[in-house]
Amino acid sequence: GWAGGYPEIVKENELFERYYRELGIVPAGEWGDFMAALREPLPATLRITGYRSHAKEILHCLKEKYFKELQDLEVDGQKVEMPQSLSWYPEELAWHTNLSRKILRKSPQLEKFHQFLVSETECGNISRQEAVSMIPPLLLNVNPHHKILDMCAAPGSKTAQLIEMLHADMDVPFPKGFVIANDVDNKRCYLLVHQAKRLNSPCIMVVNHDASSIPNLQIDVDGRKEVLFYDRILCDVPCSGDGTMRKNIDVWKKWTTQNSLQLHGLQLRIATRGVEQLAEGGRMVYSTCSLNPIENEAVIASLLEKSQGALELADVSSELPGLKRMPGITKWKVMLKDGQWFEEWKDVPSNRQTQIRPTMFPIKDEEKLKAMNLERCLRILPHHQNTGGFFVAVLIKKSPMPWNKRQPKVHQKLPQRTGETEVTAANSDNGSECITEEPTLAENEESKKAQELQNSDTEQSKKEGVCGPPPSKKMKLFGFKEDPFVFLPEDDPLFLPIQKFYALDPSFPKMNLLTRTQEGKKRQLYMVSKELRNVLLNNSEKMKVINTGIKVWSRNSDGEQFGCAFRLAQEGIYTLYPFIHARIINVCIEDVKILLTQENPFLSKFSSETQKKVKDMAMGSIVLKYDPDPEKPDDLQCPIVLCGWQGKTSLRAFVPKNERLHYLRMMGVEVFKAKRKEEESESKTEEEVQHRLAQTEEGMDVEDKEHDLVTKMEAEIGEESSHSPVESNAMEIENKIEDLDQSSKNANSHVSQESKDTDTSNVK
């Protein structure tokens, strides 16, 4: 379709075929099917976010409305196949279809379905994610109390899955577990933040480190410092990506064995660092989107060999029934890009020994090899279930790593007080194991010196509840300097009016509230879980945190005259709601429709019950709650909590556009036509927004700069953007102006610099 444009990439690579034919990774007689599948475009797959109470409603809406409209539809002479659920994904929450992105975007018949996907993706109810990419988080067997590390997390689709699993029980606003999502690329960290923020969890922290040397973190356990070990680690390492040929067609012409040889060492270092930080009894999943045993079985075999029995491969053959998989291989050879083969390390000439390393070869000792159970690894081949190629290995840690066996000093220094539960027992209950490992000697020496230098400053900061970025002398910083994380002091006068206005429950964890500014007015209040607060306060000097916490309150200058300067934020309302005992209005479904379709409706438009409740309530921020009626099965059957504002004569909802459209869809309201009309008047409204924003003080809060950066990056990377055009109404204009944060004056320059410097050529 490119008239006079780029020539079409030829999907042939002789070296690729020669290499994998020789290794025998494909069963006899299936090579033709394997290559044919690689040349076909990858089916689009989507996943409904499983922890939301709305997941069943979205599934019902998809099946009963959108999928039915696709029946007997033809596009460009091609019959549109009905989407099918992935048989191995639990509860029908993942689906695939033969609709390519090009068809989805350009076909008028599918415009409504495409708009639904984009809008639901933006508000976090659907993730568009490759099928094989969904496997590693499922095999981690996450429970809500698990401490999880995602080592190479960007762009974040697997991280989102992990967050969902933490929130399996929606009635628990603060699970005991958390996810620390790391990526080495500062710019890609903002894609990660964007993905994670759609899920509105107080239990996620995004950090920016080299995964192969990610620092040991410490936490406070009953007044003692202990090293943090993770119950679950996802190690989805950078790879050559030859399993992604169906969507990244550049791989066809660029593929060479050199890529794998160069990455093997890094992959092994990252996996080694992962198992060092894994708790005993914990589970680590190692995965790549590569078919090459140099990046897969060779890394696992090397890790198992040097662990001396501390690690074992888990047998997951009974997990994910319905998933077609091949066993890991035990024999392979190494090939250079010129086609030269080597079967053993001793055959490698000295001038090639920097390119080829001993760990790349299979273990020769048959007994050792058998004990490793490499066949327990999973190989996913493209032609078996119409997917990409993938490799997964699940490792269990049985004992400390042999190079890391010394007892931590905290155990020697501080004996247990009588009458208290033993720390090991308490840790076991919340998913951790007894700590028997410690950072390596070099790290200990380094931390001792650092501790002496930093001790007084750190202690002072901790007393004030300030977690700033790490000092530049201790770490080479990439990207721009992040704003500090400042926890609200116990006696902060800011909190009392909020507590009184919303009648917050005495159990409300106010110590977990934080801001991103030390000076000036606090514009936004964020919230993290107790466990993440512990991590933040004890590691600010060694960890570069990009983002954590969800926004729960925003300053509203109009609110002060009504008794509270802070209005509720929709993204944090499901976390806050269990603690709020005042200013709640229960509304019927008709009231919800009015709130979501009209900009600032008069009170007279609402039901008489709602009018009565509002009559005696002071003006200001309110909670609007809809509870489903089981006796009316045709109505929406999931609860809704909305943030609103009560004026003198009106009642409005403060809900982002895509979330508003989501709720309307779930209630059966046709939003597509209305949306088209809004888009026609969009450019005029946008000019008004820009004019009003220009009159405000310069500066943006951390979320604004992240959003701008993410938008630019998504355009540059060429990934499917989940943003639909921004439609602004008076409510949204007001929000934008209220939410400007004057504390981050340098954000604009940062964003422009980031977009200039963005290099996305090394996307995993």
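The values are calculated or read from the model by the stated rules, or taken from the named source; none is laboratory data. Remember, predicted model here, so these are calculated numbers, not experimental data. Using ideal geometry, Cβ is built from the backbone for each residue, glycine included, and neighbour counts are taken over all protein chains shown. Note: areas computed on protein heavy atoms with side chains; ligands, DNA, RNA excluded. Shrake-Rupley method; radii C 1.70, N 1.55, O 1.52, S 1.80 Å.
Values for this structure:
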quantity	calculated
Test for ALA314: is it over 18 Å from ILE25 (Cα atoms) and assigned by the TED database to the domain that holds SER290	yes
Any hit, segment 195-214, residues being under 30 Å from ARG39 (Cβ atoms) and not assigned by the TED database to the domain that holds ASN658	no
Residue match in segment 556-564 (condition: in contact (Cβ under 8 Å) with a residue 24 or more places away in the chain, under 25 Å from MET205 (Cβ atoms) and open to solvent by less than 30 Å² (accessible area, probe 1.4 Å))	no
Residue among GLY274, GLY282, GLY243, GLY265 that is within 20 Å of the chain's Cα centre (by Cα) and either within 14 Å of VAL299 (Cα to Cα) or surrounded by 18 or more Cβ atoms within 10 Å (Cβ to Cβ) (or both)	GLY274
Selection count, segment 70-111, where residues are touching a residue at least 24 places away in the same chain (Cβ under 8 Å), under 27 Å from the mean Cα position of the chain (by Cα) and assigned to a helix (DSSP H, G or I)	5
Residue check for ILE233: in a helix (DSSP H, G or I) and either of a type in the set (Lys, Arg) or open to solvent by less than 20 Å² (accessible area, probe 1.4 Å) (or both)	no
Enumeration of residues in segment 495-520 that are modelled with pLDDT of 90 or more and open to solvent by 20 Å² or more (accessible area, probe 1.4 Å)	LEU496, PRO497, GLN499, LYS500, PHE501, ALA503, ASP505, PRO506, SER507, PRO509, LYS510, MET511
First in segment 123-140 and farther than 19 Å from VAL193 by Cβ, second anywhere and open to solvent by less than 10 Å² (accessible area, probe 1.4 Å) and in a loop (DSSP other than H, G, I, E, B), Cβ under 6 Å, 6 or more apart	GLU130/GLY388; VAL132/GLY388; LEU139/VAL316
Tabulated pairs, segment 604-622, first surrounded by fewer than 16 Cβ atoms within 10 Å (Cβ to Cβ), second of a type in the set (Asp, Glu), C-beta under 6 angstrom, 6+ apart or interchain	SER607/ASP591
Condition broken by TYR526, with the remaining ones in (1) open to solvent by less than 20 Å² (accessible area, probe 1.4 Å); (2) modelled with pLDDT under 95; (3) of a type outside the set (Val, Ile, Thr) satisfied	(2)
Test result for PRO173, in contact with a Lys or Arg (Cβ under 9 Å, 6 or more places away or on another chain), surrounded by fewer than 22 Cβ atoms within 10 Å (Cβ to Cβ) and assigned to a loop (DSSP other than H, G, I, E, B)	no
Given (1) surrounded by fewer than 20 Cβ atoms within 10 Å (Cβ to Cβ); (2) in a loop (DSSP other than H, G, I, E, B); (3) among the basic types (Lys, Arg), number of the condition LYS253 does not satisfy	(2)
Tally, over segment 373-382, of residues that are open to solvent by 10 Å² or more (accessible area, probe 1.4 Å) and outside any loop (DSSP other than H, G, I, E, B)	2
Any pair with Cβ under 6 angstrom, 6 or more apart, that starts in segment 205-225 at a residue that is closer than 25 Å to LEU268 by Cα and ends at one that is in a loop (DSSP other than H, G, I, E, B) and open to solvent by 50 Å² or more (accessible area, probe 1.4 Å)	ASP210/VAL184
Residue tally, condition open to solvent by 40 Å² or more (accessible area, probe 1.4 Å) and touching a residue at least 40 places away in the same chain (Cβ under 8 Å), over segment 344-372	4
Residues being open to solvent by less than 70 Å² (accessible area, probe 1.4 Å) and part of a loop (DSSP other than H, G, I, E, B) - total across segment 301-343	16
Residue within segment 515-536 that is among the hydroxyl-bearing types (Ser, Thr, Tyr) and over 24 Å from ILE498 (Cβ atoms) present	no
Flag for ILE103 being at pLDDT 80 or above and among the β-branched types (Val, Ile, Thr)	no
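Yes or no, residue by residue, for (1) in contact with a helix residue (DSSP H, G or I) (Cβ under 8 Å, 6 or more places away or on another chain); (2) open to solvent by 10 Å² or more (accessible area, probe 1.4 Å):
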position	(1), (2)
ILE126	yes, no
ASN141	no, yes
ASP150	yes, no
LEU162	yes, no
VAL184	yes, yes
HIS209	no, yes
ASN216	yes, yes
ASP220	yes, yes
